[in-house]
Amino acid sequence: MSLEARTPLEGYEEYDPQDMQARIDSFTHNLKRRRTVRDFSTKAVDRKIIERAIEAAGTAPSGANHQPWHFVVIADPTRRTALRRAAEVEEQSFYEAKAGSEWLEALAPLGTDASKPFLESAPVVIAVFAQKRGGVTVGQDMKNYYINESCGIACGFMLAAFHEAGLVTLTHTPNPMRFLNKLCERPDTEKAYMLIVAGHPDSDATVPEHALIKKSLSDISDWI
């Protein structure tokens, strides 16, 4: 394929202004219902739902279209147990030594601690890896660009996809996460970026009131 090759835009749909407003209102209203949840039911999630969410993430824009991400669904119970143990070791270190007082103060209203039982009990745990090298096709060995930005957008797409399917989610980033490369059998050219946990909420799931505080449109935007 020529580097200058172009192809007609396909799949684009234009809506009349009223329909546009209705669609964006519905989409925004739906996302406003999204909550980060730490209490998951053990109810299984169909593999096809998980694969669709990964496909949705894979449509995200990326630097040079290199798509510098890889998603590992951790389903094996033994690996899940190992994951929880390793993550809790790092989290214990974080809460006891690494986190400064200001950071701990900011986390206090959320009620988080070093215990991460959802890493074993939730039906879906996906490790997201950022690839330092790759390319637009599998097997290429080129430098990837805007890796963190690209992976962040992809994770956002995945969270929205799971929410659209009627599931709740949690993002978890134990620091450091180098243990995930070995656990998930990923090469050193990849860096563990995030854990995404998904599933149905437990029947008595709660969320911190602090998490319901969202800045207003005027707080987060300006027109100049």
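Readers should treat all values here as calculations from the given coordinates under stated rules, not as data from a laboratory. In this text, all values refer to a predicted model and were calculated from it rather than measured experimentally. Note that we place each Cβ from the backbone using ideal geometry, even for glycine, and neighbour counts take in every protein chain shown.
Add -39500 (n - 2.57) for each DSSP H run of 4 or more in the chain, then divide by its residues: what number comes out at 222 nm, to the nearest 500 deg cm²/dmol?
It lands at -11000 deg cm²/dmol.
Any chance you could run the full-extension gain for Gln140 through Asp188? It's 0.36 nm times the residue separation minus the Cα-Cα distance, nm to one decimal.
In short, 15.7 nm is gained.
Express the relative contact order of the range 108-211 as a whole percentage, based on alpha carbon pairs under 8 Å and six or more residues apart in sequence.
40 percent
What is the extension gain from Tyr95 to Asp222, computed as 0.36 nm multiplied by their sequence separation minus the C-alpha to C-alpha distance, in nm to one decimal?
42.0 nm is the gain from fully extending Tyr95 to Asp222.
Using R₀ = 25 Å, calculate the FRET efficiency as 1/(1 + (r/R₀)^6) where r is the Cβ-Cβ separation of Thr36 and Arg178; round to 0.05.
Efficiency, from the Cβ-Cβ distance: 0.50.
Along Cα→Cβ, 7 Å out, is where each label goes; now give me the distance between the ones at Thr7 and Lys214 in nm to one decimal.
Each label point is offset 7 Å from its Cα along the Cβ direction, giving 3.6 nm.
Mean Kyte-Doolittle of at least 0.5 and a Cα length of 18 Å or more along the axis: which whole DSSP H helices of the chain meet both?
Length and hydropathy pass: 147-164.
Mind putting a number on the dipole of the range 131-224 about its Cα centre? Charges go on the C-beta only, +1 for Lys and Arg and -1 for Asp and Glu, and I need it in Debye to the nearest 20.
460 debye
Only four residue types carry charge here, +1 at the Cβ of Lys and Arg and -1 at the Cβ of Asp and Glu. Report the dipole size of the chain about the Cα centre in Debye, rounded to the nearest 20.
Computed about the Cα centre, the dipole is about 640 debye.
From Cα pairs below 8 angstrom and at least 6 apart in sequence, can you work out the relative contact order of the chain, rounded to a whole percent?
32 percent
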